[in-house]
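Below: one structure, written as C-alpha cells.
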Amino acid sequence: MPSIERIMMVRVPDWPVHAHRLEAEATAAGAHREGSPAPSGNPAPQPAPQPAPLALVSRHLVIACNEAARTEGVRAGLRVREAQSRCPGLVVHPHDPEVDARRFAPVIAALERLVPGVAPLEPGRCAIRARGPARYYGGEAPAAIAVLEALGGLGLPDSRIGIADGRFAAEQAALAGPHDPGIAAPHPGVRIVAPGASAAFLHPLPVERAADTALAALLHGLGIRTLGALAALPEAAVGQRFGAPGVSAHRRAAGAPTTRGAEIQPRAPARDYAAELPFEPPIDTADRLAFACAGLAERFLDGLLRADLVCTALRVELTDDAGGEHTHIWQHPGRFTAADIVNRIRWQAGAMPRDVERAGAGISAVRIAPARTDRVSAHEPGLWQAGASERVHHHATRAQNRLGHAGIGTVQLTGGRLLADRQRFVPWGTADAAPARSAERQRARVGQRGPWPGAIPAPAPSVVFPHPPPAELIDARGRPVLIDGEDLLTADPAHVRFRNRETLPVHGWSLPWPLRERGWAGAPPRFRLQVQLASGDAWLLLHESGRWFAEGRYD
Amino acid sequence: MPQLATVRSLQQRITEMQPLRLDERALPTAPELAPLLPEGALRRGCAYAVQGSRSLALALLAAASASGLWCAVIGCSEFGAEAAAGIGIALDRCVLAPDPGDHALGLAGLLSETFSIVVLHPPGKVGPRDAERLSARLREHGSALVVTGDWPRTEGSLHVTGSRWSGLDRGGGMLTARELAVRSRDRRGILHHTVRFERGAIRACGADGTAAGGIGAAGHAVVASLRSPRARESAAS
C-alpha cells in the first residue's frame, strides 16, 4: 500500500453561529464608522457573558445552534417548532450560507500566513498537509497548538484540530472525544492519531461516517455496522456489490489513500495583481491616455506572468477628476497582451460621457485588475496550430483599432421571434467569439432554439433590417390592406410601397400568420406576410397594430 | 469504335486533369456555381462583381467557408445571419464589419492580408486607382474579393437579370425555391446561366433544358460553360 499523507483537519464547531455573530458585529460597527471587517480580533474578553440560546434556521429546519441552545436539547435538523418548544427562549435567525463562506475567507487567509497549503473544504472546515508544519514546529502537536492559538486570536477558541493519516481519518479525529481509543490529546483542542494507527482508530466507528444514508442503511441490513467490519471485506467484492460509492466508502473505512488524485488540493493564496497609475494633471483625450498607459499595462502583465498567470478578463477602472468611477470588464478570447489592454483603456475612455464645458476635465487615475485569470501553460501556442486564427485575430484587432470596439465582429444565432432578435452581433475580442469554442456553443444553441411559434420556414431572408422600415400594402382600389378579426387580410393586396419609393405591383402573397406572445400582458398579436413582387423580388412584411413594416428581404 | 471510345475517355481525362494545374490559385467553390466563373472556381488574387442578389454573392463564399477558410463581409449592415448559415457559411469564421463608413476600401485591403475571401459592399463609386491598389494587395496576399456592386476591373462579373420565386400563390403557400437568371461577363464573353436556390441552399441545376425553359421572361437559353465536363456530357447526349 502506498504511504498515505498526514493531514491536519481544522474544524470550527458551529461555524454558522460564529459567522452570524461576526456579521452582526461588523454591521453594528459599520453603523457608526466604516471600519475594517470582522477578523481584526478582540481575543479573550468576548465570550465572558453566557450567550443566549441561538439557532439559525432555513426552510423551517434548524441548520446550526450554539452551545447554550444545545444544552436545552436543540439539535441541527430539528423543526423550528420543535426546537422552540424544547427551548422557549431560543433566538431564531435565518441562515445565510453566503455569510458563512464570506466570513471564513479571512480565517483561511490568517492560517495561510502561518502555514502554507491550506485547502478550504467548506465554511468552517479546512485541511492542511501536516508534514511541513510538523517539521517547522518540531512535531505535530506543537504545530497544531500554534494553529489553535492563531484561531484563538481570531476569536475562535473552541476550534478543533484532528491529525491522522488521510483526510477522512483526520476528519473523524477532529470529531472524536479526548479519551476515545487511539486518540492522543496533547491539548484540549487537538486530537492526534499516531501514524499507521488510523485503521485501528476508525475500526469501532459506525458505518454511517463513511457511507451515505442509503448505503449505510443497506450495510446495516447486511449486518455491517462498523467501519472495521466494512474494511474487513475484500475490496473487489465490495466493488462488485456496491459499485463506485461502495469502493470509496471501503477505502475511507480502511484508511487507504483515495483512488486518484491528492488527498487535499491546497488553494493558491490570493494576491493582488492590480496595477494603478494616477495622473496629475488629468488627461483629457483617449489617445493620450492610451499612450500613457502602455507602461502600466506592461507592469501589470509582468506581475501576472511572475505568478504563471495570464489574464483572460480585465477590469478597467477609470477615475475622472470629479471622483466619478467608470468601470468595465472586458473579455478576451485568448489572453490580454499589453496592446490589447491599451486598446481597451482607449475604447473605454472614448466611450465616456464628455464634459467639454469644464476646463481640466479628464481622467485622473487608471486602475487595471484581472477579472479572470488562467494558467500560462494553457495559453502556450502549439507547435502546429499557431496558424490562421492567430493571424486573423491580429488583423481583426487592427481593424478594430481603426473602427472602434463594435466596428467588427461575428454574428451568432440565438433564439427569438423577430429576425433581428434571432441574430446577435458579437464585437471581436469578446469571450463569446472565441473561434475554437464557439462552434460547439453554436451547436448547443441550435438545440436550445426550441419551437418558436410563427418562425419562418427555410429560406430565411438574406437582408434583415435591424429597425424594420415602414411599408404600405394597398389593394386594387388604393385602400390600405390590414388584418381582420379572423387573422385574414381585409382585401387582396395589389401594390406595396416601401418608404417613399414608387409603388410596386404585387404578384403573390402568403396567408398572414400570427406571432402571438405575452397575451397575458395584452400585447397585440403581430402578423407575418410573405409578398412576391411582379419584378421577382420577395419581401417579408410584419404587421403590428394596424401598420406594416418590412422585416426582411429575400435578396 | 473501341478506338473512338478510348480517345473520348482520354479526352475526358485530359479535361478533368486540366483544371488541376490551375488549382494552386483556385478557392473551393460550389460546383453549381462553377459555370458562372471563368476558371470554374474563385481564384486567389482576383476580384469578382455580383450585382442584384446578395444570396448569390454569399453562395460564392459558401464552399470556401465550409472548408475552413475565413471570410470577411464589409459594409453589409443588414446581414441576414440565418440566410448566410442556410447557404452554408460558417458564421464563426465569418467576420463582419457592418458599417465601416469611409474606411471600407482600406479595411478591405487590410483584411485581405489574412482572410481568404473578402466581400465588399462599396460605399459609392470606386475609381480605377483605388481598385488597382486593392487589386495589388489581393494579388500579393492571395485572397479573393467579391464586390456587391460596380467594380472597375474584375475577373468576372455576374449580373442578375431575372428572378423567379416558386411556392407562393395568390393568398397561400410559402416561398420555397428561387431561380435566378444570371448574365456573366468575363473573358469568355457574355454568357447566360440559371442558378437555383431551394429552401435557402444552392441546388444543382438539373437537366439544363428545364432550367432554360424556366426563365422565359429573360428570353435567354442557358449557355453552360464549355469547360464543365457535365455540360459537355449533356450536350453530347
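The values are calculated or read from the model by the stated rules, or taken from the named source; none is laboratory data. Keep in mind the model is a prediction, meaning the values are calculated, not measured. FYI the Cβ positions are ideal-geometry reconstructions off the backbone, even for glycines, and counts take in every protein chain you see.
Things to note:
- Residue check for B:ARG93: crowded, with 22+ Cβ neighbours inside 10 Å, basic (Lys, Arg) and under 23 Å from A:VAL392 (Cβ atoms): yes
- Among the candidates A:ALA211, A:ALA150, the residue that is hydrophobic (A, V, I, L, M, F, W, C) and in a helix (DSSP H, G or I) is uniquely A:ALA150.
- Filtered residues of the stretch A:209-224 (kept if under 18 Å from A:GLY239 (Cα atoms) and among the charged types (D, E, K, R)): A:ASP212
- Filter result for the condition that a residue is surrounded by fewer than 20 Cβ atoms within 10 Å (Cβ to Cβ), touching a strand residue (DSSP E or B) at 6+ places or on another chain (Cβ under 7 Å) and under 20 Å from A:VAL193 (Cβ atoms), over A:ILE145, A:ILE161, A:ILE128: A:ILE145
- Those residues of the stretch A:287-341 which are touching a strand residue (DSSP E or B) at 6+ places or on another chain (Cβ under 6 Å) and of a type in the set (Val, Ile, Thr), in sequence order: A:VAL310, A:THR312, A:VAL316, A:THR319, A:THR327, A:ILE329
- Residue list for the stretch A:93-109, filter: part of a helix (DSSP H, G or I) and crowded, with 16+ Cβ neighbours inside 10 Å: A:VAL99, A:ASP100, A:ARG102, A:ARG103, A:PHE104, A:PRO106, A:VAL107, A:ILE108
- Selection within the stretch A:473-492 - touching a Lys or Arg at 6+ places or on another chain (Cβ under 8 Å) and either exposed (fewer than 13 other Cβ atoms within 10 Å of the Cβ) or free of Cβ contacts under 8 Å to residues at least 24 places away in the same chain (or both): A:ALA491, A:ASP492
- Residue list for the stretch A:199-217, restricted to those being without any contact (Cβ under 8 Å) to a residue 24 or more places away in the chain and surrounded by 14 or more Cβ atoms within 10 Å (Cβ to Cβ): A:ALA200, A:GLU208, A:ALA216
- When residues of the stretch B:70-86 are limited to those that are in a loop (DSSP other than H, G, I, E, B) and within 8 Å of chain A (Cβ to nearest Cβ), the one surrounded by the most Cβ atoms within 10 Å (Cβ to Cβ): B:GLY80
- The strands (runs of 3 or more DSSP E) found entirely in the stretch A:456-527 that carry 1 or more residues being within 14 Å of another protein chain (Cβ to nearest Cβ) and charged (D, E, K, R) are A:470-475.
- Residue match in the stretch B:115-124 (condition: hydroxyl-bearing (Ser, Thr, Tyr), under 21 Å from A:ARG398 (Cα atoms) and within 14 Å of chain A (Cβ to nearest Cβ)): yes
- Within the stretch A:318-347, residues that are within 29 Å of B:ASP92 (Cα to Cα) reach partners that are of a type in the set (S, T, N, Q) and surrounded by 20 or more Cβ atoms within 10 Å (Cβ to Cβ) with beta carbons closer than 8 Å, at six or more positions or on different chains, in the pairs A:HIS328/A:GLN348; A:TRP330/A:GLN348; A:GLN331/A:THR312; A:HIS332/A:THR312; A:GLY334/A:THR312; A:ARG335/A:THR312; A:PHE336/A:THR312; A:ASN343/A:GLN400.
- Considering (1) more than 14 Å from chain B (Cβ to nearest Cβ); (2) modelled with pLDDT of 80 or more; (3) surrounded by fewer than 14 Cβ atoms within 10 Å (Cβ to Cβ); (4) not in a loop (DSSP other than H, G, I, E, B), the lone condition that A:GLY447 does not fulfil carries the number (2).
- Leading residue by the ranking (farthest from A:ALA200 (Cα to Cα)) among those in the stretch A:222-262 that are of a type in the set (A, V, I, L, M) and without any contact (Cβ under 8 Å) to a residue 12 or more places away in the chain: A:ALA244
- Once the stretch A:540-555 is narrowed to residues that are assigned to a strand (DSSP E or B) and at the interface with chain B (Cβ under 10 Å from one of its Cβ atoms), the residue that is surrounded by the fewest Cβ atoms within 10 Å (Cβ to Cβ) is A:ARG553.
- Residues of the stretch B:99-114 classified as at pLDDT 90 or above and at the interface with chain A (Cβ under 7 Å from one of its Cβ atoms), total: 3
- Residue satisfying all of: in the stretch B:169-192; of a type in the set (Gly, Ala, Ser) and crowded, with 21+ Cβ neighbours inside 10 Å; farthest from the other protein chains (Cβ to nearest Cβ) among these: B:SER184
- Matching entry among B:LEU96, B:LEU56, B:LEU91 (being touching a helix residue (DSSP H, G or I) at 6+ places or on another chain (Cβ under 6 Å) and within 14 Å of another protein chain (Cβ to nearest Cβ)): B:LEU91
- Close pairs from the stretch A:290-315: first over 22 Å from A:ALA378 (Cβ atoms), partner aliphatic (A, V, I, L, M) and outside any helix (DSSP H, G or I), Cβ under 7 Å, at least 6 apart: A:ALA292/A:ILE283; A:CYS293/A:LEU277; A:CYS293/A:VAL366; A:LEU296/A:ALA275; A:LEU296/A:LEU277; A:LEU296/A:VAL366; A:LEU296/A:ILE368; A:ARG299/A:ALA275
- Filter result for the condition that a residue is of a type in the set (D, E, K, R), more than 9 Å from every other protein chain (Cβ to nearest Cβ), touching a residue at least 60 places away in the same chain (Cβ under 8 Å) and outside any loop (DSSP other than H, G, I, E, B), over B:ARG129, B:ARG133, B:ARG153, B:ARG139: B:ARG139
- Residue among A:ALA386, A:ALA359, A:ALA378, A:ALA369 that is surrounded by 14 or more Cβ atoms within 10 Å (Cβ to Cβ), more than 10 Å from chain B (Cβ to nearest Cβ) and either modelled with pLDDT under 80 or assigned to a strand (DSSP E or B) (or both): A:ALA369
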